[in-house]
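Notes follow once the structure below has been shown.
The values are calculated or read from the model by the stated rules, or taken from the named source; none is laboratory data. Given the structure is predicted, the values throughout are model-derived calculations rather than measurements. Cβ placement follows ideal geometry from the backbone for every residue including glycine, while neighbour counts extend to all protein chains displayed.
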Amino acid sequence: MLLPQNVIQKKRDGQILTPEEIAYFVQGIKSGEVADAQVGAFTMAVYINGMQPTETANLMGQMKDSGVTLDWSDAEFDGPIVDKHSTGGVGDVVSLMLGPLVAACGGYVPMIAGRGLGHTGGTIDKLEAIPGYNTNLSIEQFRQVTKEVGVSIIGQTSDLAPVDKKIYAIRDVTATVASIPLITASILSKKLAAGLENLVMDVKFGSGAFMPTFEESRALARSIVDVAKAYGTPTTALLTNMNQVLAHNAGNALEVKEAVEFLMNQNINPMLKSVTVALGAEMLVISGICNDIHDAEKRIEHALTSGKALEVFSKMVAAHGGPIDFVERYDEYLTLSEVKYPVYAQQEGFVQTIDVKEIGMSVVQLKGGRAHPDQELDLSVGIEAMLPVGAPVQADTPLCYIRATNDADAQRIAEMVRTTIKISAEQPSTEVAVIEKIS
Ligand code: URA
């Protein structure tokens, strides 16, 4: 008789698991017959020994089928269904603009997004900074809003890939997050359960990415694209830069403010724009809305400059229960903490490198991200107006500002942030937004 420990032992010894063994283990996680300690041992064995592509695909398929899968075939959309997913970053507010931009170009974007994880921020936490925005729509409401507005962003429901939720919580506390097969299975089980027709992945590399090296980020992109395609979902991945905070700001309300101002064509961060336009254009091409990537970029640009995407964003917020005049009065609706404390460079030169993971952790320390799974967040805190790599500074130039609830927190975090930013006499080359496409 097969037991969970037999499966763990096989993976511990570096052997290849059969489809039956993977199905047995995943079903045991779902039913509760596999204990949390056994899940932890299994994820560590996979972390250390890896998986063959077929094992990863089988694990993903079992996790996807562990709950309900959405079917949009009777939704009668007059355009393709397309989504993007990111492996997680800091100041990564892309989804808030990208969903409306693609919807404004004729795509339908039913986006199931996540909460902050480790040092990275989460789209759902950000949206909750908008008073009244309901991230918990029923599947029927989700379909309705997607149909009427073109985009709806909700949180992970408990009936979609429930085994991923269990495995993820255990990986988070057993140091087994940064594993290519486990990330592949985790992301795709949720995305493919959502019934997408096309997917574009934003795979981060750099000091704020989950994977420690560029090569590993590239291998992760390859793994995700191959497994998704094996399941019949056209998928491409862009390798995008996380060597600096992607936006000007990192922190929930701060990032929503920046997203609205971006869609109003004010306050546009160049790196954020490059990544958003590249992903948007890729979504238009993969879903067949455009044939050519340059035309697609122009369509996205036009959706931005014409204000059409801002209109879609406004409709999405209202359809989710947020204020109908949110984009007109976002400054009044969003709460930013009172203390705004500058972090000075203290020497002349150029921003050489930024430890973006540490910047993400400083937001967590301010309570803008979670240190424990059930923690309530303070959505008003964060890092504001952060300089990019290559920026010239004087001793009295603010590298950024700390938004905190009190002076003591602001000073403590300012020290932490200052040590993560290296200043040099030589100007480094500016960071490139998108390095490579994997298809
Ligand atoms: N995001 C996910 O949903 N899962 C992972 O494993 C990593 C990032």
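Listing for the model above:
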item: Residues within the range 111-129 that are in a helix (DSSP H, G or I) and over 15 Å from VAL364 (Cβ atoms), tallied; result: 3
item: Of the criteria (1) more than 16 Å from the chain's Cα centre (by Cα); (2) within 14 Å of the ligand (Cβ to nearest atom), which one ASP202 fails; result: (1)
item: Residue match in the range 19-27 (condition: surrounded by 19 or more Cβ atoms within 10 Å (Cβ to Cβ) and closer than 21 Å to VAL173 by Cα); result: yes
item: Residues of the range 360-389 classified as among the small types (Gly, Ala, Ser), farther than 18 Å from LEU117 by Cβ and crowded, with 18+ Cβ neighbours inside 10 Å, total; result: 1
item: Failed item, numbered, when PRO181 is tested on (1) more than 28 Å from LEU366 (Cα to Cα); (2) in contact with a strand residue (DSSP E or B) (Cβ under 8 Å, 6 or more places away or on another chain); (3) within 11 Å of the ligand (Cβ to nearest atom); (4) of a type outside the set (A, V, I, L, M); result: (2)
item: Residue ID - farthest from PHE214 (Cα to Cα), chosen from residues in the range 159-178 that are within 12 Å of the ligand (Cβ to nearest atom) and of a type in the set (Ser, Thr, Tyr); result: TYR168
item: Some residue of the range 69-92 being in a helix (DSSP H, G or I), over 27 Å from LEU17 (Cβ atoms) and within 16 Å of the ligand (Cβ to nearest atom); result: no
item: Search result, residues across the range 117-161 that are among the small types (Gly, Ala, Ser) and closer than 27 Å to SER66 by Cα; result: GLY118, GLY121, GLY122, SER138, SER152, GLY155, SER158, ALA161
item: Selection within the range 392-439 - small (Gly, Ala, Ser), part of a strand (DSSP E or B) and surrounded by 13 or more Cβ atoms within 10 Å (Cβ to Cβ); result: ALA404
item: Scan of the range 210-229 for residues that are aliphatic (A, V, I, L, M) and at pLDDT 95 or above, ordered by number; result: ALA219, LEU220, ALA221, ILE224, VAL225, VAL227, ALA228
item: From the options GLN15, GLN62, residue that is within 16 Å of the ligand (Cβ to nearest atom) and over 30 Å from ALA371 (Cβ atoms); result: GLN62
item: Inter-residue pairs, beta-carbon under 6 Å, first surrounded by fewer than 17 Cβ atoms within 10 Å (Cβ to Cβ) and in the range 336-359, second of a type in the set (Asp, Glu), 6+ apart; result: TYR344/ASP396
item: For GLY150: the one exception among (1) buried (at least 20 other Cβ atoms within 10 Å of the Cβ); (2) at negative phi; result: (2)
item: Filter result (free of Cβ contacts under 8 Å to residues at least 24 places away in the same chain and surrounded by 15 or more Cβ atoms within 10 Å (Cβ to Cβ)) within the range 299-335; result: SER314, ALA318
item: Any hit, the range 341-349, residues being in a helix (DSSP H, G or I) and modelled with pLDDT of 95 or more; result: no
item: The range 31-44 residues that are β-branched (Val, Ile, Thr), paired with ones that are in a loop (DSSP other than H, G, I, E, B) (beta carbon under 8 Å, 6 or more apart); result: THR43/THR174; THR43/THR176; THR43/SER179
